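Shown next, in structure tokens, is the structure this report addresses.
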Amino acid sequence: MKKLMLMCVVLSLLFLLVAVVTAGEDMDKGQTVNGWVSDAKCGAKGANAKAAACTKKCIAAGEKPVLVTDSDQKVLNIENPDAVKGHEGHHVAVTGHVTGDSIHVMEVKMM
């Protein structure tokens, strides 16, 4: 009976460990958001190809880059602006961690 109980405890711990590791892997992947890299001054108004030059100019002048989502035109502050350097004014797919009104960018792909 003691061996059976010990086996059950060991198996339970093993399943718990697998569940924790799997959950941790899913959290590291982040989510992908499609949108435009704009600047904080123009926000959603700068979320189009025609505004690319203005977006580049504003970011060069010190405005912070933001991501304007395609789905609902939500403006997300980019926590690590260097991650989108070179994509100012571009339509992109950004993979990262969204928290409230900000995103920590892990990967950027042109669309």
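No value in this document is a laboratory result; all are computed from the given coordinates. For clarity, every value in this text was computed on a predicted model and none was experimentally measured. Please note: Cβ atoms are built from the backbone with ideal geometry, for glycine as well, and neighbour counts cover all protein chains shown.
So here's what we get for this one:
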| read-out | value |
| --- | --- |
| Two-site FRET efficiency, Met110 against Ser71, from Cβ-Cβ distance with R₀ of 25 Å, rounded to 0.05 | 0.85 |
| Spacing of the two label points (7 Å from each Cα toward its C-beta) at His97 and Lys56, in nm | 3.3 nm |
| Beta bridges by DSSP in the chain, antiparallel share as percent, to the nearest 5 | 90 percent |
| Residue exposure sequence - Thr95, Thr55, Thr69 - by fewest surrounding Cβ within 10 Å | Thr95, Thr69, Thr55 |
| Cα pair distances exceeding 26 angstrom across the chain, given as percent | 35 percent |
| Total charge dipole magnitude, the chain, about the Cα centre, Cβ charges on Lys, Arg, Asp, Glu only, Debye to nearest 20 | 40 debye |
| Cross-link pairs Lys64/Lys85; Lys85/Lys109; Lys29/Lys74 - those with Cα-Cα distance over 18 Å | Lys29/Lys74 |
| Residues Met111, Met106 arranged by fewest to most Cβ contacts within 10 Å | Met111, Met106 |
